[in-house]
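Read through the structure below, which is laid out as structure tokens, and then see the notes.
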Amino acid sequence: MSDTLVFIPAWNEEGNLPGVLDSLKAELPSVDVLVVDDGSTDATAAIAREHGAAVESFGENRGLPEGIAAGYRWALEHDYAFCGRVDADGQHPPAELARLLELVRDDRCDVAVGSRFVAGEGYEPYRYRPAAARRLGTAVLRRAMAPVLGRPFGDATSGLWAVNAKALPLLAKPFTTEAPEVEALIRVADAGLRLDEVPVNMAERAGGESKLRGSKAVKVVLTVAGTLVAGFLLRRRR
């Protein structure tokens, strides 16, 4: 067994999943791969198995927060030293995940999060130009994260993560909001773990439509705001 697990939360991603799994195998051939099948009604689980991935299938759609916690819980229960996460829609290049895993393997941080909105060597500022409404939301979220985390954070909803074993018990616990990435960042910061936001490039969704659109997208924005307010109030009470 590898010392590293990469998991992919997936819901009805039969069209995108083969490319994601093939790319992971080509870039990170030594890692174990888990697909968390969130009650898909298509061939997501079968395709994952055909490509050599382990599969944990829910009998019904439980939502992304449960899918994320299940992936980290699998890594914890199977004693992996390192764990990475990518989404099933093809937006997260495995080469970028490899960079994040290298950081945690080299003990330069406990948690590395890939960010579209920070710059660095080879990563120009403002390389992503979201629509006006999303740009406003991102700016508000960036400012709201600072007092909660005690530091600025540019891409709080990124799903591209790499962590070491220290972070697994925190992230394997059930998430209580519909903003699991933000909730995870708060847990990591509160535990005093070393958190690094790393500039990465991300791709457009490989195919299909995003599941976060319309009223659901508005709900997520409100949930993120509520999660941040709750986290800030909790810190002030301490």
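The values are calculated or read from the model by the stated rules, or taken from the named source; none is laboratory data. Note that the structure is predicted; figures quoted are calculated from it, not measured. Don't worry about glycine lacking a Cβ; one is built from the backbone with ideal geometry, like all the others, and counts go over all protein chains shown. For the accessible areas, the whole protein counts, side chains as well, though only heavy atoms, and no ligand, DNA or RNA atoms are used. Shrake-Rupley method; radii C 1.70, N 1.55, O 1.52, S 1.80 Å.
Could you tell me whether segment 33-41 includes any residue that is within 15 Å of Ala98 (Cβ to Cβ) and assigned to a strand (DSSP E or B)?
Yes.
Taking segment 180-203, which residues are among the aliphatic types (A, V, I, L, M) and touching a residue at least 60 places away in the same chain (Cβ under 8 Å)? Quick ask: steps written out before the conclusion?
The first filter runs over segment 180-203 and keeps only residues among the aliphatic types (A, V, I, L, M), leaving 182, 184-186, 188-189, 191, 193, 195, 198, 200, 202-203.
Matches in segment 180-203: Ala184, Leu185, Val188, Leu193, Leu195, Val198, Val200, Met202, Ala203.
Is segment 3-10 home to any residue that is open to solvent by less than 40 Å² (accessible area, probe 1.4 Å) and over 25 Å from Arg116 (Cβ atoms)? Walk me through it before giving the result.
To start, the set of residues in segment 3-10 that are open to solvent by less than 40 Å² (accessible area, probe 1.4 Å) comprises 4-10.
Narrowing further to those that are over 25 Å from Arg116 (Cβ atoms): none.
Within segment 3-10 (the criterion being open to solvent by less than 40 Å² (accessible area, probe 1.4 Å) and over 25 Å from Arg116 (Cβ atoms)), the answer is no, since none of the residues qualifies.
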Scanning segment 91-108 for residues that are farther than 14 Å from Phe7 by Cα, open to solvent by 20 Å² or more (accessible area, probe 1.4 Å), touching a residue at least 12 places away in the same chain (Cβ under 8 Å) and not in a loop (DSSP other than H, G, I, E, B) gives Ala95, Arg99, Leu103, Arg105
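Tell me whether segment 206-218 contains one or more residues that are modelled with pLDDT under 60, out of contact with any Phe, Trp or Tyr (no Cβ under 9 Å at 6 or more places or on another chain), β-branched (Val, Ile, Thr) and open to solvent by 30 Å² or more (accessible area, probe 1.4 Å). Lay out the reasoning, then the answer.
The first filter runs over segment 206-218 and keeps only residues modelled with pLDDT under 60, leaving 206-218.
Keeping just the survivors that are out of contact with any Phe, Trp or Tyr (no Cβ under 9 Å at 6 or more places or on another chain) gives 206-210, 212-218.
Remaining after also requiring β-branched (Val, Ile, Thr): 218.
Within this subset, residues satisfying the condition of being open to solvent by 30 Å² or more (accessible area, probe 1.4 Å) are 218.
Yes.
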Cβ pairs under 8 Å, 6+ apart, first in segment 40-59 and more than 11 Å from Ile8 (Cβ to Cβ) and open to solvent by 50 Å² or more (accessible area, probe 1.4 Å), second of a type in the set (Lys, Arg) and modelled with pLDDT of 95 or more: Gly52/Lys25
Members of segment 143-169 found to be under 20 Å from Leu101 (Cα atoms), part of a helix (DSSP H, G or I) and out of contact with any strand residue (DSSP E or B) (no Cβ under 9 Å at 6 or more places or on another chain), listed by number: Pro169
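Among the candidates Ala81, Ala146, Ala88, which residue alone is crowded, with 19+ Cβ neighbours inside 10 Å and out of contact with any Phe, Trp or Tyr (no Cβ under 6 Å at 6 or more places or on another chain)? Write out each step before concluding.
On the way: Ala81 fails: crowded, with 19+ Cβ neighbours inside 10 Å; Ala146 fails: crowded, with 19+ Cβ neighbours inside 10 Å.
One residue alone meets the criteria, Ala88.
Is it the case that segment 145-159 has a residue that's of a type in the set (A, V, I, L, M, F, W, C), at pLDDT 90 or above and within 11 Å of the chain's Cα centre (by Cα)? Reasoning before the result, please.
Initial filter on segment 145-159 (of a type in the set (A, V, I, L, M, F, W, C)): 145-146, 148-149, 153, 156.
Right, trim to at pLDDT 90 or above and you get 153, 156.
If we keep only those that are within 11 Å of the chain's Cα centre (by Cα) too, we end up with 156.
Yes, segment 145-159 has at least one match.
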Counting only residues that are under 11 Å from Trp11 (Cβ atoms), open to solvent by less than 70 Å² (accessible area, probe 1.4 Å) and among the hydrophobic types (A, V, I, L, M, F, W, C), how many does segment 60-71 have? 0
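Look at segment 25-35 and say how many of its residues are more than 17 Å from Glu56 (Cβ to Cβ) and surrounded by 14 or more Cβ atoms within 10 Å (Cβ to Cβ). Quick ask: steps written out before the conclusion?
Restricting attention to segment 25-35, the residues satisfying the condition of being more than 17 Å from Glu56 (Cβ to Cβ) are 25-30.
Retained after the next criterion (residues that are surrounded by 14 or more Cβ atoms within 10 Å (Cβ to Cβ)): 25, 27-28.
Looking only at that region, the number is 3.
From the list Thr176, Thr227, exactly one residue is modelled with pLDDT of 60 or more, among the polar types (S, T, N, Q), out of contact with any Gly (no Cβ under 7 Å at 6 or more places or on another chain) and in a helix (DSSP H, G or I). Which is it? Step through it out loud before you land on a result.
Details: Thr176 fails: in a helix (DSSP H, G or I).
After applying the criteria, what remains is Thr227.
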